[in-house]
1. Please determine, by comparing only the residues of region 8-36 that are in a loop (DSSP other than H, G, I, E, B) and under 24 Å from the mean Cα position of the chain (by Cα), which one is surrounded by the most Cβ atoms within 10 Å (Cβ to Cβ).
2. Condition first: basic (Lys, Arg) and more than 25 Å from the chain's Cα centre (by Cα). Now tell me which residues in region 143-187 satisfy that.
3. So, GLU140, is that one under 15 Å from the mean Cα position of the chain (by Cα) and at pLDDT 90 or above or not?
4. Every residue in region 170-191 that is under 14 Å from HIS133 (Cα atoms) and hydroxyl-bearing (Ser, Thr, Tyr), please.
5. When you scan region 98-124, how many residues do you find that are within 14 Å of GLY177 (Cβ to Cβ) and exposed (fewer than 14 other Cβ atoms within 10 Å of the Cβ)?
6. For region 150-161, indicate whether the set of residues that are under 30 Å from LEU27 (Cβ atoms) and surrounded by 12 or more Cβ atoms within 10 Å (Cβ to Cβ) is non-empty.
Amino acid sequence: MGATSNPCPQSESTCAYALGALAQTDLEAAEAHIASCADCQRELESIERLVNHFIAWPTDVLAPPASLQQRLALRIAEETDNAPIASYRIEWSEPVWEAVAPGIECKLLATDENRQRVSMLVRLAPGASYPPHTHAGVEELFLLDGELWIDERKLYPGDYNYGPPGAGDDLVWSETGCTCVLVTSTKDVLR
């Protein structure tokens with residue numbers, strides 16, 4: 001048994017529960033088991049962390065074609081002597097750019113309300129600047145295009161910037177305009 005395997009015989013049911021693939025009639029039993037099994041609680045937490053990384057991905061990238069889903073549902077039903085689970089498809093829509101300040105636009109990718117974190121694309125127009133601020137949590141920025149100054153450091157496409165909690169940025173601006181991926185706290189404080 002590998003270091004990451006779950007020794008509980010209910011592990012497969014926990015995985016199906018985490019992925020929303022259990023039949024409605026099995027949900028209550030799975031929830032009761034998970035509440036009483038430390039191994040399955042760890043399994044559920046691990047799977048949920050992984051699934052949360054895919055929240056902002058378009059569903060057509062992650063989901064198999066409907067014909068494959070139907071064949072899989074029928075095969076699983078035959079092997080488990082259960083009724084086939086109806087597949088569902090959530091349509092993903094492209095987030096829109098929103099102007100948040102003069103020369104600054106954001107495209108929200110994902111929000112984690114429990115951890116008070118947000119990930120987004122940020123676009124600064126040439127000459128635009130972001131107000132001085134203090135990080136309430138970790139701030140991570142990856143520059144996709146253009147150039148960006150963060151205080152005394154000039155970033156180029158492909159550069160990464162880490163801002164620890166409690167640190168602040170006094171001057172964030174772009175002479176050329178830029179686009180970056182930003183993961184930060186929803187509780188940052190503007191100064």
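1. Our first condition is that a residue be in a loop (DSSP other than H, G, I, E, B); within region 8-36, this holds for 8-10, 19-23.
So of that shortlist, the ones also under 24 Å from the mean Cα position of the chain (by Cα) come out as 19-22.
Numbers: LEU19: 12, GLY20: 10, ALA21: 14, LEU22: 19.
Looking at residues that are in a loop (DSSP other than H, G, I, E, B) and under 24 Å from the mean Cα position of the chain (by Cα), I get LEU22.
2. In the first step, residues of region 143-187 are kept if they are basic (Lys, Arg); the result is 153-154, 187.
Answer for region 143-187, where residues must be basic (Lys, Arg) and more than 25 Å from the chain's Cα centre (by Cα): ARG153, LYS154.
3. Values: under 15 Å from the mean Cα position of the chain (by Cα): yes; at pLDDT 90 or above: yes.
So GLU140 passes the test.
4. Matches in region 170-191: THR184, SER185, THR186.
5. Our first condition is that a residue be within 14 Å of GLY177 (Cβ to Cβ); within region 98-124, this holds for 102-105, 121-124.
Okay, now just the ones that are also exposed (fewer than 14 other Cβ atoms within 10 Å of the Cβ), so 102.
Result for region 98-124: 1.
6. Our first condition is that a residue be under 30 Å from LEU27 (Cβ atoms); within region 150-161, this holds for none.
Within region 150-161, not a single residue is under 30 Å from LEU27 (Cβ atoms) and surrounded by 12 or more Cβ atoms within 10 Å (Cβ to Cβ).
Quick grid of which residues meet (1) at pLDDT below 80; (2) among the hydroxyl-bearing types (Ser, Thr, Tyr):
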| residue | (1), (2) |
| --- | --- |
| ALA3 | yes, no |
| THR14 | no, yes |
| ASP26 | no, no |
| ALA30 | no, no |
| ARG49 | yes, no |
| TRP57 | yes, no |
| ASP60 | yes, no |
| ALA66 | yes, no |
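The values are calculated or read from the model by the stated rules, or taken from the named source; none is laboratory data. In this text the structure is predicted, and so the values were computed from the model without any measurement. Glycine gets a Cβ as well: all are built from the backbone with ideal geometry, and neighbour counts include every protein chain shown.
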